[in-house]
Amino acid sequence: MKILFVASEVAPIIKLGGLGDVAGSLPKALEKIGVDVTVIVPYFPFAKTENLRVYKNMELNVPYGGEINPTGVFSTKLPDSNVDVVLLQNSKHFHSYEKTWKVSTKEESELFSFFDRAVVEYIKCEFNTYDLIHCNDWHTGLIMPLLVDELELERPATLFTIHNLMYQGKGSVEIVRDVGIVPGEHPIIDFDIADGDLNMIQQGISSADFVNTVSPTYMKEILTGEFGGELADVLDARVGRTQGILNGLDYSSFPRTYDEKTWITEKPRIKKALLEKLGLDTDAERPLFAFVGRLDPYQKGIDLVHQIIPHMLQKGANLVLLGTGDTEWQDKLLALSNDARYSPYFSAQILFDKDLAEQIYAGSDFLLVPSKYEPCGLIQMIAMWYGSLPIVRATGGLKDSVEEGINGFLFDKYSAQDLIDVVDRAFSTYYGRDMAKMVSNAMMSDFSWDKSALQYKELYKKVIQLRIDST
Ligand code: ADP
């Protein structure tokens with residue numbers, strides 16, 4: 001089974017967000033179970049290749065925008081593995097890309113439509129030897145129609161994974177012509193561009209042989225208008241060809257100095273050092289709650305956290321928040337942490353700091369994840385690994401990974417009162433007898449990639465068979 005894994009990023013070579021972590025971890029886990037997988041990404045100028053051997057293999061002539069675009073094909077390996085990584089280099093299209101874009105602008109859609117065409121040219125140059133093309137997120141949405149045009153019945157099977165439906169890659173109608181899609185051959189594209197723009201994720205969803213998301217619950221949720229928006233119907237039309245597979249966590253990226261037997265002495269020591277560093281009250285009777293993540297008011301539930309801070313602190317909690325993002329929310333949180341009533345118990349750290357994040361996971365008792373939606377979420381898995389009990393909203397991958405009263409806490413409704421109620425349950429646990437058992441359970445929960453890789457292997461087999469059956 002030969003798989004081409006297509007993505008906009010792959011950690012640690014090109015890391016922009018969570019997708020890069022998946023692209024850097026899942027192929028390694030697949031390799032361990034005998035799947036031959038190659039990752040292909042754009043060769044952005046900020047790619048970190050210093051410690052890698054990178055070879056130039058060949059040059060592709062990629063037709064795009066009425067021109068032939070020479071595109072270098074470089075190859076390397078994912079660190080600590082035998083997984084091949086192909087880097088496509090084109091100075092015209094890939095050199096202007098800024099790390100900060102990542103918002104699916106029109107320019108980005110154009111850039112990635114070029115990438116899609118280049119990937120299809122690469123597949124052709126490799127004599128069409130891949131059994132399945134695994135496309136990820138909107139950046140890869142035009143690969144499927146292009147494969148149909150270029151390879152017709154000979155085309156490989158295709159799987160399209162949605163990592164976050166909010167980012168859709170809306171581009172101009174001209175992209176369809178520039179990328180070289182045969183006019184009139186794709187009714188779904190004609191339907192899509194009738195409103196004046198092209199939606200790349202919609203194309204991926206509609207045209208792949210199979211669609212999956214990064215958790216079973218998120219797969220169900222995006223079939224509803226609340227989570228799926230205007231794409232709910234597009235997804236609904238694919239039911240029967242959809243699945244959810246929970247992402248894994250690469251535990252080797254998260255070192256810890258204790259395990260499920262030794263945490264009981266180690267964690268209090270780390271907690272005390274953390275509280276001293278943050279200048280918070282060191283009374284061990286106070287449970288330490290934490291929030292770590294992007295301050296995105298549309299996703300991460302930061303408004304709920306802000307609303308309940310006075311209640312939590314009055315009830316006897318300490319709280320540390322680590323995050324960056326929306327400037328308005330940064331200011332609001334800083335204002336609370338500077339308020340003399342709250343400053344002994346609440347610290348807002350407005351920065352991105354991996355070491356501090358790890359110290360917070362290790363030193364805290366509870367981690368708040370009150371997201372509005374969460375396709376998978378890694379933070380709750382990381383928290384459990386460090387023995388900090390996650391308090392999560394029952395949505396997406398949070399619902400699929402946390403069990404109430406076993407390894408964490410769940411609440412349903414997106415409301416401050418419901419968050420207060422669940423936080424109160426956490427307080428009772430902290431002062432009661434169940435805390436130690438729950439922490440041990442959380443630390444022993446297994447979210448390794450090995451499990452998810454087995455499910456992907458089975459899915460690849462199934463999709464390849466579906467493709468064979470349809471020809
Ligand atoms: P998302 O991908 O939606 O941002 P995840 O829960 O999947 O959310 O992953 C978030 C990752 O980013 C975690 O590894 C978390 O530790 C890290 N992270 C987020 N914000 C910060 C920050 N301010 N400092 C350090 N690490 C952070």
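The values are calculated or read from the model by the stated rules, or taken from the named source; none is laboratory data. As the structure is a computational prediction, the values presented were derived from the model and not from experiment. For neighbour counting, all protein chains shown are included, and Cβ atoms are generated from backbone atoms with ideal geometry for every residue, glycine included.
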> Hey, among I68, I33, which residue is free of Cβ contacts under 8 Å to residues at least 12 places away in the same chain, among the hydrophobic types (A, V, I, L, M, F, W, C) and either within 16 Å of the ligand (Cβ to nearest atom) or surrounded by fewer than 23 Cβ atoms within 10 Å (Cβ to Cβ) (or both)?
Replying inline: I68
> Taking region 269-301 only, how many residues are more than 15 Å from V423 (Cα to Cα) and within 22 Å of the chain's Cα centre (by Cα)?
Replying inline: 9
> Does any residue of region 286-301 turn out to be more than 16 Å from the ligand (Cβ to nearest atom), more than 20 Å from T429 (Cα to Cα), polar (S, T, N, Q) and touching a residue at least 24 places away in the same chain (Cβ under 8 Å)?
Replying inline: no
>> Here's a check for you: in region 352-366, which residue that is within 20 Å of the chain's Cα centre (by Cα) and modelled with pLDDT of 95 or more is nearest to the ligand (Cβ to nearest atom)?
In response: A357
> Filter region 352-371 for residues that are in contact with a Phe, Trp or Tyr (Cβ under 6 Å, 6 or more places away or on another chain) and within 20 Å of K413 (Cβ to Cβ); which is surrounded by the fewest Cβ atoms within 10 Å (Cβ to Cβ)?
Replying inline: F366
> Is there a residue being surrounded by fewer than 19 Cβ atoms within 10 Å (Cβ to Cβ), farther than 22 Å from N247 by Cα and not aliphatic (A, V, I, L, M) anywhere in region 388-403?
Replying inline: no
> Listed residues D149, D190; which is farther than 24 Å from F5 by Cα, out of contact with any Phe, Trp or Tyr (no Cβ under 8 Å at 6 or more places or on another chain) and not in a loop (DSSP other than H, G, I, E, B)?
Replying inline: D190
>> Given the criteria surrounded by fewer than 17 Cβ atoms within 10 Å (Cβ to Cβ) and in a helix (DSSP H, G or I), does D178 qualify?
In response: no
> Looking at this structure, is Y345 more than 8 Å from the ligand (Cβ to nearest atom), of a type outside the set (A, V, I, L, M, F, W, C) and in contact with a Lys or Arg (Cβ under 8 Å, 6 or more places away or on another chain)?
Replying inline: yes
> Among the residues of region 254-312, which ones are of a type in the set (D, E) and either outside any helix (DSSP H, G or I) or surrounded by 20 or more Cβ atoms within 10 Å (Cβ to Cβ) (or both)?
Replying inline: D259, E260, D281, D283, E285, D296
> Taking the stated definitions as given, is A436 among the small types (G, A, S) and either touching an Asp or Glu at 6+ places or on another chain (Cβ under 9 Å) or not in a helix (DSSP H, G or I) (or both)?
Replying inline: no
> Which residue out of S253, S215 is among the polar types (S, T, N, Q) and touching a strand residue (DSSP E or B) at 6+ places or on another chain (Cβ under 9 Å)?
Replying inline: S215
>> Condition (residue is farther than 30 Å from E458 by Cβ and modelled with pLDDT of 95 or more) applied to region 28-40: is it met by at least one residue?
In response: no
> Which condition does M443 not pass, out of (1) closer than 24 Å to L278 by Cβ; (2) of a type outside the set (F, W, Y); (3) within 16 Å of the ligand (Cβ to nearest atom); (4) touching a residue at least 40 places away in the same chain (Cβ under 8 Å), if it passes all the others?
Replying inline: (3)
>> Just to verify a result, which residue in region 314-344, among those that are among the β-branched types (V, I, T) and not in a helix (DSSP H, G or I), is surrounded by the most Cβ atoms within 10 Å (Cβ to Cβ)?
In response: V320
>> Given the options G377, G397, name the one that is within 11 Å of the ligand (Cβ to nearest atom), at pLDDT 95 or above and part of a loop (DSSP other than H, G, I, E, B).
In response: G377
> What is the number of the single condition among (1) surrounded by fewer than 17 Cβ atoms within 10 Å (Cβ to Cβ); (2) in contact (Cβ under 8 Å) with a residue 24 or more places away in the chain that I189 does not meet?
Replying inline: (1)
